[in-house]
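Here the structure is laid out as structure tokens; the discussion comes afterwards.
The values are calculated or read from the model by the stated rules, or taken from the named source; none is laboratory data. This one's a predicted model, so the numbers in the text were calculated from it and none came from an experiment. For neighbour counting, all protein chains shown are included, and Cβ atoms are generated from backbone atoms with ideal geometry for every residue, glycine included.
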Amino acid sequence: MNRRNTLKILGGGFIVSAAVLGGAGAMVATRNPKTARLPWEKAGGYTEIRHIALSYALLAANPHNRQPWIVELVGNDTVHLWKDKTRLLHATDPYGRQINIGLGCFLEQMVLASKAHGYDAALDVFPNGEDGPVATAVFNKGAMRDPLFDYILERRSCKKSYEDRPISLEQVAKLTPYADVVIESNKVAAVKKITWDAHVIEAITPRTWKESVDLMRLGVKEVDANPDGISLTGGLMEIMTSTGILTREGSLDTQSTGFKEGMKMFHRLLHATPAYAYLTSKGNTPKDQIAVGRQWARLNLKTTEMGLSLHPVSQALQEYPEMDGQYRHIHDLLAKPGETVQMLGRLGYGPETPQSPRWPLEAKLKNG
Ligand SMILES: Cc1cc2nc3c(=O)[nH]c(=O)nc-3n(C[C@H](O)[C@H](O)[C@H](O)COP(=O)(O)O)c2cc1C
């Protein structure tokens, strides 16, 4: 094969012929979404405290970027947060545990933003049980600023390979109030094996893999039209989607070169991990899950402050039959009897990561 026609492995782990790329590359390689990241710029750009707090809340981490929140403004000082039941992840999150964690992340960022603007947002979680709102918040003047607020705009889930650089004991000590941290090499290796084995199970189980593939937004047009889910943008992704090399149908075929190269990419990045952070809980009620989400948001803001990257890797924590073995392994390794491992994240030094897409606040307000 000559150099021009050699198959090239691209950033996303897919393969494409250099000849196919041709001029298409130059046209689309630099395109970014036009509107999908605007909520990051608009955060705080409102006059009413509830809008201000909510504009930061919606930048929170949440599973598959489903953004499963609906907000109702009640009276002139209250917010009711509702779960958007059209945005659940039935295959990988059958009990809605991770969705609740994402809503907890939302609430924590709302409270932090509220405090930073001089208001306390008094929360009542599931005040009417699970059929009512996820939480109500009453905003009252008078609150202490929490410095973690300052990192909301910089926070990311960094889904790339991390540097081969250890986390120091001093850093572990700083993180201890926020999470448990794994740095011992044997234990890191054991967690790594579980995260990889669990990823393989998710990928070869048709209904769980399809759930992700259905949420893929291929290229900037799709991302701007639906700023949620798994967005595949950036130079090479644009080329592959615009030339039809990367498609939803192709991604479902586990025999395809694209699928196999994608798996190699995940193998690389999951293994380029020097440490893990994780959260466990004694109970596993929806209220406990909201509390875990609040903790995860704080952890992710703290790692941001410390210049560290964090990437949730949830596959082994998921509650569907094919995952039972890995679920047991990760619990045997990290949890005490009766506890639930609620969140597990890769921890280390990753590259700069762009903001992920968001629906604007206006799209999430039930009543203006
Ligand atoms: C409960 C929960 C589970 C998550 N699980 C995963 C995961 O397994 N793999 C992954 O790449 N990201 C995972 N994420 C991260 C989300 O994909 C991410 O928060 C979302 O895409 C928004 O991106 P951002 O956090 O960079 O703003 C998870 C996030 C939450 C809150």
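Quick check on this structure: which one of LEU148, LEU153, LEU175 is within 14 Å of the ligand (Cβ to nearest atom), in contact (Cβ under 8 Å) with a residue 12 or more places away in the chain and aliphatic (A, V, I, L, M)?
One residue alone meets the criteria, LEU153.
Pairs please, first residue from the range 227-247 and within 20 Å of HIS64 (Cα to Cα), second anywhere and aromatic (Phe, Trp, Tyr), Cβ atoms under 9 Å, 6+ apart in sequence or on different chains.
PRO227/TRP359; ASP228/TRP359; MET237/PHE14; LEU246/PHE14
For (1) at pLDDT 95 or above; (2) surrounded by 19 or more Cβ atoms within 10 Å (Cβ to Cβ); (3) more than 21 Å from the chain's Cα centre (by Cα), each residue gets a yes or a no:
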position	(1), (2), (3)
TYR162	yes, yes, no
GLU170	yes, no, yes
ALA173	yes, no, yes
GLU202	yes, yes, no
ARG207	yes, no, no
ASP228	yes, yes, no
THR233	no, yes, no
MET237	no, yes, no
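Does LEU54 qualify as being buried (at least 24 other Cβ atoms within 10 Å of the Cβ) and more than 14 Å from the ligand (Cβ to nearest atom)?
yes
For the range 92-103, what are the residues that are touching a residue at least 60 places away in the same chain (Cβ under 8 Å), within 13 Å of the ligand (Cβ to nearest atom) and not hydroxyl-bearing (Ser, Thr, Tyr)?
Correct list: ASP93, GLY96, ARG97, GLN98, ASN100, ILE101, GLY102, LEU103.
Would you confirm whether or not the range 90-103 contains a residue that is in a loop (DSSP other than H, G, I, E, B), touching a Pro at 6+ places or on another chain (Cβ under 7 Å) and more than 25 Å from ASP146 (Cβ to Cβ)?
yes
With the checklist (1) within 16 Å of the ligand (Cβ to nearest atom); (2) over 18 Å from the mean Cα position of the chain (by Cα) in hand, flag the one item ASN65 doesn't pass.
Evaluating ASN65 over (1) within 16 Å of the ligand (Cβ to nearest atom); (2) over 18 Å from the mean Cα position of the chain (by Cα) leaves (2) as the failure.
What residue, of LEU89, LEU81, is within 22 Å of TRP296 (Cα to Cα), in the same structural domain as ALA143 (by TED's automatic domain parsing) and either within 12 Å of the ligand (Cβ to nearest atom) or under 14 Å from the mean Cα position of the chain (by Cα) (or both)?
One residue alone meets the criteria, LEU89.
Output the number of the condition that ILE290 fails; it satisfies all remaining conditions of (1) at pLDDT 95 or above; (2) surrounded by fewer than 22 Cβ atoms within 10 Å (Cβ to Cβ); (3) of a type in the set (A, V, I, L, M).
The number of the failed condition is (2).
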